[in-house]
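The values are calculated or read from the model by the stated rules, or taken from the named source; none is laboratory data. As the structure is a computational prediction, the values presented were derived from the model and not from experiment. Counting neighbours? That spans all protein chains shown, and the Cβs are built from the backbone with ideal geometry, glycine included. The area values use the complete protein model at the heavy-atom level, side chains included, leaving out ligands, DNA and RNA. Shrake-Rupley method; radii C 1.70, N 1.55, O 1.52, S 1.80 Å.
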Amino acid sequence: MAQTELQRALTVDRFPRSSAYDPQWVVDNLMGPHPLWQVEALMQVMSLKPGIRVLDLGCGTALSSIFLAREYDVEVFAADLWVKPTENWERIKAAGLEGRVHPIHVDARDLPFAADFFDAVVSIGSYHYFGTDARYMADLAEVVKPGGSIGIVGPGLQLDPGATLPSYLAEHWVPDFATWFGPTWWRHHWERTGLVTVQVADMVPTGWEDWLRWLEACNLVGRGSAPDEAMLRADGGKLLGQTRVLARVR
Ligand SMILES: C[S@@+](CC[C@H](N)C(=O)[O-])C[C@H]1O[C@@H](n2cnc3c(N)ncnc32)[C@H](O)[C@@H]1O
């Protein structure tokens, strides 16, 4: 019963590719909001040519890496700090993607790649952990070919820095939320480096709704988060959602 409800809750027309994946596999490997919905939302503005080399930075359990290789026929380096490459390798092999998705232990603050190695970088729900340092883009852009692209989706809060927090946010606030910036902040943060041209900086149009729907679905299998759900409901989609940024390396 819970399985059928989970399937129904996680099948949405706006993300047809994600809807084809086993919802139990997605919730069993969750680390944040639905990673496939987020990466599919990014692909609605970003294009990846078949065969190119992509860095999935902060891939967590590598679901987005598997999705990218399978859906867009790209070669993916599934790079993460907290999740061991051996664990991701098991998921990659189970998906039949050996040779196309390469698991690797990486600290994004110390990238172990050659200059100009990647055609594109994708980062889902992770970039805010390491990319708020104004100097970070210089390191990341170096491993991307000129003309390559960098796309991120992650938690976002459309509130000017310094603005007073609404009480429903203040009561749930933890220091990590200080990295939840909105599109305007990210656009300036990246453009002022002079290294990239920002092509898109927006909130995923259904980001708040997707996030809440995801948490409701996770409740069905005992994996929800009551505090996050309360915060999202109180917000009603005014400030919270998912920020999406896409840039081209100059
Ligand atoms: C909320 S999880 C998201 C994981 C996955 N992309 C997803 O959407 O399910 C954040 C991820 O950021 C990664 N991360 C945090 N700091 C990092 C760093 N310095 N270098 C590489 N990855 C990092 C963690 O290892 C973790 O897997």
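One table, with the values for the structure above:
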item: Rounded to the nearest 20 debye, dipole of the chain from Cβ charges on Lys, Arg, Asp, Glu; result: 480 debye
item: Segment 36-171 - percent of accessible surface contributed by carbon and sulfur, probe 1.4 Å; result: 49 percent
item: Quotient of Cα Rg and 2.2 N^0.38 Å for the chain, N being how many residues it contains; result: 0.97
item: Options 211, 19, 170, ranked by Cα towards positive dipole end of the chain, top entry (Cβ charges); result: 19
item: Charge dipole (debye, nearest 20) of segment 32-84; +1 at Cβ of Lys and Arg, -1 at Cβ of Asp and Glu; result: 80 debye
item: Net lengthening on full extension, residue 31/residue 90 (0.36 nm per residue, minus Cα-Cα); result: 19.5 nm
item: Cα-Cα separations in segment 1-140 greater than 18 Å, expressed as whole percent; result: 55 percent
item: Extension reserve of the residue 230-residue 104 stretch, reckoned as 0.36 nm per residue once the Cα distance is removed; result: 41.8 nm
item: Difference of contour (0.36 nm per residue) and Cα-Cα distance, residue 135 to residue 82; result: 16.8 nm
item: Segment 128-205 - accessible surface per residue (Å², probe 1.4 Å); result: 49 Å²
item: Number of Lys pairs (Cα under 28 Å; 8 or more positions apart or on different chains) in the chain; result: 4
